[in-house]
1. Short version: ³J(HN,Hα) in whole Hz for each residue of region 19-24, in order, from phi by Karplus 6.51 cos²θ - 1.76 cosθ + 1.60 (θ = phi - 60°), x for Gly and Pro, what are they?
2. Per residue, how much space in cubic angstrom lies within the convex hull of the C-alpha atoms of region 5-70?
3. Which of the trypsin sites (Lys or Arg not before Pro) across region 1-59 are loop residues per DSSP, with 14 or fewer other Cβ within 10 Å?
4. If R0 is 22 Å, what FRET efficiency do you get for A63 and E38 from their C-beta distance, rounded to 0.05?
5. Fewest first, what order do E61, E38 take by the number of other Cβ atoms within 10 Å?
Amino acid sequence: MLGLHIVQYIVDALARQEQHCIGRGFVLELIAVHLPREDYHALFDSLIDWARYFNLFAYDEAAMMIAVRHEQQTRRMSATGARHGRRCDHGPPAT
């Protein structure tokens, strides 16, 4: 799945963010720019489903945020965010 360019763009964007999370709107814009002929909402939903399956990243539907899925990274992000008054909610841990 990491071979798909759009997935790599998302992974790269997550890596560049201090809290390693990005908003749904940002990803929708990435899809619209890089794949303008695709239904970006449907593609977003498919990407989230597959990314969850492969444990690439988590998606919190209530917060509309995508975050790194790695458990150690998630704990570190949560602790750092809490200290700085912000937090990226990552949803339930991977099973």
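Each value in this text was obtained by applying a stated rule to the coordinates, not by laboratory testing. Bear in mind the structure is a predicted one, so any value in this text is a computation, not a measurement. Don't worry about glycine lacking a Cβ; one is built from the backbone with ideal geometry, like all the others, and counts go over all protein chains shown.
1. 8, 6, 9, 9, x, 4
2. 78 Å³
3. Filter output for region 1-59: R37.
4. It comes out at approximately 0.35.
5. In increasing order of surrounding Cβ atoms, one gets E61, E38.
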